[in-house]
1. Would you mind finding the one in C:Glu159, C:Glu177 that is at pLDDT 90 or above and surrounded by fewer than 20 Cβ atoms within 10 Å (Cβ to Cβ)?
2. In segment C:71-80, how many residues are facing chain A (nearest Cβ under 7 Å) and within 15 Å of C:Arg146 (Cβ to Cβ)?
3. Is at least one residue of segment C:138-147 away from ligand 2 (no atom under 16 Å from the Cβ), more than 21 Å from C:Ala111 (Cα to Cα) and away from chain A (no Cβ under 13 Å)?
4. Which of (1) open to solvent by less than 10 Å² (accessible area, probe 1.4 Å); (2) touching a Phe, Trp or Tyr at 6+ places or on another chain (Cβ under 8 Å); (3) not acidic (Asp, Glu) does A:Ala83 not meet, given it meets every other one?
5. Quick one: which helices (runs of 4 or more DSSP H) sit completely within segment B:252-347 and have at least 3 residues that are at pLDDT 80 or above?
6. Pick from B:Ala116, B:Ala45, B:Ala104: which is in contact with a Cys (Cβ under 8 Å, 6 or more places away or on another chain) and either part of a helix (DSSP H, G or I) or surrounded by fewer than 24 Cβ atoms within 10 Å (Cβ to Cβ) (or both)?
7. Restricting the first residue to segment C:4-22 and requiring it to be over 15 Å from C:Ser207 (Cα atoms), which pairs with a second residue that is open to solvent by 50 Å² or more (accessible area, probe 1.4 Å) and within 12 Å of ligand 1 (Cβ to nearest atom) meet a Cβ separation below 6 Å and a spacing of at least six or different chains?
Amino acid sequence: MDYLIQQSLNALSFGAEYALIALGLAIVFSIMRLVNFAHGEVIAFGGYSLAVTGTLLTGNPWILMACVVLACMAVAVVLERVAFRTVRGADLTTGLLTAFGVSIILQNLFLLLGSPRPVAATQFIFLDRTLTLGPVRVSSLQIYETAVTVAAIVALLLFLRRTTLGMALRAAALDFEMVRLCGLRANRVVAGAFAISGFLAGLACIFIMARRGSAQPHMGFDPVLSAFVACVIGGFGSLPGAVLGGFLLGIAEVAVLILLPQSAGGLAHAVVFALVALILVWRPDGILSPAREKGDKL
Amino acid sequence: MSRPRLNSAQRRGLLGSALLGLVVIAVVGAYYLWGEAWQARILYATFVNLLVVVGLQVFMGNANITSFAHAAFMGIAAYTAAICVTPAAMKAVSLPDAPWGLNAFELSPLASAALAVLITGVLGLLTGLFMARLNGVGMTIFSIAILVIVHSIFLHRTDIFKGNQALFGIPKILDLPQLTLMVVAAIFLARLFRESRTGLMLRAAADDEVGARAMGVDVFRVRLVAWVASTLFFAAAGIAYAFHLGTISARPFYFNFVFLTVAMLILGGLRSVSGAVFGTLLISIGLEAVRWLETGPVLAGVKLPELLGLSGLALGGVIVAVMAFLPNGLMGNREIDDLVLRRRNGG
Amino acid sequence: MLEIGRLRVFHGVIEAVHGIDLCVREGECVALLGPNGAGKTSTLSAITGAARATGTIRLAGRDLSGLAIEDRCRLGIAIAPEGRRVFANLTVRENLVMGGAIRRDRRALAAEIDSWFQRFPVLGERRDQPAGTLSGGEQQMLAIARALLARPRILLLDEPSLGLAPQIVGRIFRIIEELKAQGTTILLVEQNAAAAIAVSDSVHVLSNGVVTRQGPAAAFGDGSGLMDELTGVHG
Ligand SMILES: Nc1ncnc2c1ncn2[C@@H]1O[C@H](COP(=O)(O)OP(=O)(O)OP(=O)(O)O)[C@@H](O)[C@H]1O
Ligand SMILES: [Mg+2]
């Protein structure tokens, strides 16, 4: 019983992290058809900004959390402005490769300005404690992570339904030109999408930093790779698909870890990716492929 | 007996390949005339990369789909060739725990290479059967899955692959002259593939998949052919790598290498073989210069600071700049013969 | 209100419209007729900024060249496009909100949306349904209402009767008549010559990217003289 609850919480919190990151990828992809390889570096930027503001500014974790989220949002919007705007409307390959160039640049900037070794930033470690709930012992971080993700998804849903920008984002996923014909500024809509993706990356960054306690140039790479996988499972560009894919991936990872014999632990990654490959072959467009009536994008 | 007839595009292709071959030979010649001994290593690595990038062009360039799996196939070939060719006595030391008697046999270099090509090709075919059914993003993710899976296996089965440690004791079989021949041959093959019927259909499908299908192009088949053909180039690169260095490890066969080679292809322009060749040469030369800066050299009496990450920064900068200002790379859709012949016609 | 001079429109390297002149005065309804592929949609795309074009386009005396799609909309150009292009994944209400997205007066906008629901009760009943579930005629009404909620100076209508049953077509043209009576300036692209001429003040006939005939609507009678031109027999 104890074990079961712990493992389900594991799966939920893994899934929550992937869902947060995958949502950020999906919202950008849905309106720009851009596979944002540089999303991991947005997270890493959040990590470094924690290290910097944490030593220079304040030790107050709540202010620092706001700083991390704002830093991620800012860098995502700036990246769109300086790098992705020039390739807006280009084909998938061009966008993908640009993002991938941006990712290399940022990683090496971190290397150049920071250090190849981890930079300590332990301000969020306090989130991770062992809670004893009756007979069950669980990690507080995992509970926060799951709860915050659920809250973020609800907030995003409300934003997409209630605000004009939210509606524009949903509409732009289907027909960006028609959104512009309604007078909405393309640059604002795209910047809005990047800001949201940065916001979600910032939340994920807080939890990643709480677990790692240090920032490193490559720290965003693996989580984002998994989030890509989550997007693919759910159907690239579909927001519900990203959430579903994220949680399915979390469950799959934990299941593989449980089922695989101890000696084969190193292969967990391989098994998960093999599952993904199979899902792709079974359903090339993902489990929930997005409604797409008009293919032509801005 | 009728010789296979070449159409005019294919004859042009032979001319272009010959010109590119001359460029490659000129580089080698320059090294033998003026180069220094330490540059041999760099030149060899550049040519191995050239094999990979030309192979990438065969699939990515003609099908216009980004794939990141090449490092995996190269690694498979390198390990197969290395394990087969290393003398059993040496393997008793380097791979003491290898299963299935892997450390109890040895093959001739030729047989080892043939086996490596065969295994890589078969894996290419098996993955290709799935891969060729997917669409753009799906294919890219699938290729990443291949890369991650193969890398995990290299790391996990330390009894066979030694993981991140070196598998040592591989005899040195190839050197620059042989590799140069391989590179020139690869250029000819890639260019002939580009101008072949299959290559033409593949390029048509990349430009307009629906239209190509309507004209009766079997998109699945042509993609599969290109995919398998490109894995054979990667196999050659892996063999050339393993047969020269004496030791191999899993680390180079992962994302960093993938990024480097893809950047080479993008800079030159993925739609042409000439682009692949020039991109590789330019980035290799540029990176050597940047790496020299990176170590903090003394310039005009001033000691520059050590700048770790500069080469990566330059690489990323090149990719972004090329995508923004020259989305089709330096060469675009043009081959070297287009440049030469245009100049002659114009003059 | 809208003056177009020597307009040429390009799709990539293809030139779809070869230098046409056209003028819509305030409160007027001008019909642009022509067979398939004549360049009617291309002309409208040039006006909205969605297609590359040369020549002059002036709205209320202001040159539109170089302005982005959204800026032209903000200056007062709204379109109910070919194929209607309602946002299928948004509800009917949300589609209308998008139409009025550039407006600051939220209260007035909400009231206006309600008045559209009264005018088209079918839309009112389905206000919280995804627009993709509406019938073709309902979607056309939605597209027209969406365009008008931006309070444009000129309304562009691209084949509003396309693919609709005769009864619904009649309905749509009655709406156009009403709009005109309220003083809306309209540029109407149509293939249904008779109905379009009946609601218009002047008519331009486009064929293969050039204007072949133009004049006051009265000169075209019931449009039967245009049969050959519009079916492209001599085109
Ligand atoms: N996006 C495009 N790319 C290339 N050519 C185009 C494009 N859009 C239109 N064309 C070409 O421009 C010409 C005019 O097309 P347009 O859509 O303006 O005609 P139309 O008068 O609106 O026809 P219809 O009554 O069928 O809507 C046609 O020959 C068409 O093939
Ligand atoms: Mg039209």
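1. Values: C:Glu159 fails: surrounded by fewer than 20 Cβ atoms within 10 Å (Cβ to Cβ).
None of the others qualify; the one that does is C:Glu177.
2. Going through segment C:71-80 one residue at a time, the tally reaches 2.
3. no
4. (2)
5. Because the criterion is at least 3 residues that are at pLDDT 80 or above, the helices (runs of 4 or more DSSP H) in segment B:252-347 that meet it are B:255-268, B:273-294, B:310-325.
6. B:Ala116
7. C:Phe10/C:Arg52
Each row is one residue, and each column tells you yes or no for (1) open to solvent by 10 Å² or more (accessible area, probe 1.4 Å); (2) within 16 Å of ligand 2 (Cβ to nearest atom).
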site: C:His11; (1), (2): yes, yes
site: C:His18; (1), (2): yes, no
site: C:Val24; (1), (2): no, no
site: C:Glu28; (1), (2): yes, no
site: C:Leu32; (1), (2): no, yes
site: C:Asn36; (1), (2): yes, yes
site: C:Leu44; (1), (2): no, yes
site: C:Gly49; (1), (2): yes, no
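The values are calculated or read from the model by the stated rules, or taken from the named source; none is laboratory data. All values reported here derive from a predicted model rather than from experimental measurement. Every residue, glycine among them, receives a Cβ derived from its backbone with ideal geometry; neighbour counts consider all protein chains shown. All accessible areas refer to the heavy atoms of the entire protein, side chains included, with ligands and DNA or RNA removed. Shrake-Rupley method; radii C 1.70, N 1.55, O 1.52, S 1.80 Å.
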